[in-house]
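**Q** Once you've had a glance at the structure underneath, I'll fire off some questions.
The values are calculated or read from the model by the stated rules, or taken from the named source; none is laboratory data. Fair warning: this is a prediction, and the values are worked out from it, not measured in the lab. Here the Cβ positions follow ideal geometry from the backbone for every residue, glycine too, while neighbour counts run over all protein chains shown. Remember, those area values only see protein heavy atoms, side chains included, never the ligands or the DNA or RNA. Shrake-Rupley method; radii C 1.70, N 1.55, O 1.52, S 1.80 Å.
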Amino acid sequence: MKKEDVAKTIDHAVLKPEFTAADLQKHAQMCIENKVFSMCVKPCDIKSAKALLEGSGVKVSCVLSFPHGADATPVKVFQAKQAIKDGVDEIDMVMNIGKFLGEDYHYVVEDIASVVEIAHNYGVLVKVIQESGFLTLEQVEKACELSYMAGADFVKTSTGFGPGKATPEVIDVMVKTVGDKMKVKASGGIRTWEEAVAFLDQGADRLGIGSTEAVLNGAKAEGNY
C-alpha cells in the first residue's frame, strides 16, 4: 500500500487540550502537505481549521460530546448545529457510554439519531465513537447495531483518551456486524505504519491518528494518541 493511499484514509487528530492556535496552524500545514482526508479538531477550532485548510481539499471533522459522551441529548444537538454552522464536514460523536452499559438502548439510539438527523440535513456524516476499551466484544457488536439503527454513517473504536485502543479483534467485530452497511473507523493507539495498513487490510475505511507524519514516514510514533 502506498503512502498516499493510506494518507487519504486518515482523520488527523488535533484534540489534545493543551493545543494552541499555533499548534493548529502547524498541524494544518502537515495535513495539507500529506493530503490526509481530514483534520479532526475540537469544536472551538472548526472555524480556524476551515480557514487554514481552505482550497487544500482536506476536510474538517470535529468531535462532539468528547470524550465521555455524557452531554444531554439537546446539548449534543446544539453542538451539532453549531459545528455545522462553523463549517464542519464530518462529526465524530461519543456514544453515551454509561447509558449503553446500563442497557438503556432506547436512549442510546435516540441520542445518536438526534445528532444524525441534524447532520444529514446538511450532508454531514456522523461517526459514533464507542470507546470500545470499556466494552466486551459482544457489547461492541450491540453498539454497532444501535448505531446502524440510529442512522449513523460510521462506527468508530476509541477517543484516544479512554482505556484501550483500536484492536484487530474489535475491528473484526465491527466489520462483520455492520461492514456491509456502514463504514468503520479504527482510532486510538495507531502509532506505526504496519498497524495502519493492517487495519485497512482488515476492512477499516478510515483511521484516526494523532502522529500522522511519523506513521506515514514509517517511523514508530511517540505519545499516547
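**Q** Please report the carbon-and-sulfur percent of the accessible area for the chain; probe 1.4 Å, protein heavy atoms only, DNA, RNA and ligands left out.
**A** Roughly 51 percent of what the probe reaches on the chain is carbon or sulfur.
**Q** Kindly provide the helix-only [θ] at 222 nm of the chain, computed as the sum of -39,500 (n - 2.57) over DSSP H runs of four or more divided by all residues, to the nearest 500 deg cm²/dmol?
**A** Theoretical 222 nm ellipticity from helices: -13500 deg cm²/dmol.
**Q** If you don't mind, another one. At 0.890 mPa s and 25 °C, plugging the Kirkwood radius over alpha-carbon pairs of region 104-168 into Stokes-Einstein gives what diffusion coefficient in µm²/s?
**A** In µm²/s, the coefficient is 201.
**Q** Given region 47-103 reduced to its alpha-carbon atoms as identical point scatterers, what log10 I(q)/I(0) does the Debye formula return at q = 0.15 Å⁻¹?
**A** So the normalised log intensities are -0.49.
**Q** Rule-of-thumb check for region 112-225: C-alpha Rg over 2.2 N^0.38 Å?
**A** Compared with the compact-globule rule of thumb, region 112-225 sits at 1.05.
**Q** In Å, the Kirkwood hydrodynamic radius of the chain over pairs of distinct alpha carbons?
**A** Computed over Cα pairs of the chain, the Kirkwood hydrodynamic radius comes out at 17.1 Å.
**Q** Quick one: length gained pulling residue 121 to residue 73 fully straight, 0.36 nm per residue minus the C-alpha distance?
**A** 15.5 nm
**Q** Order 150-162, 21-33, 122-134 from most to least packed using the mean count of other Cβ atoms within 10 Å.
**A** 150-162, 122-134, 21-33
**Q** What's the FRET efficiency of residue 105 with residue 202 using the Cβ-Cβ distance as r and R₀ = 35 Å, to the nearest 0.05?
**A** 0.85
**Q** Report the full-extension gain for the segment residue 23 to residue 137: residue separation times 0.36 nm, less the Cα-Cα distance, to one decimal in nm.
**A** 37.4 nm
**Q** If you bin the C-alpha pair distances of region 1-117 every 10 Å from 0, what whole percents do you get?
**A** 14, 40, 29, 15, 2
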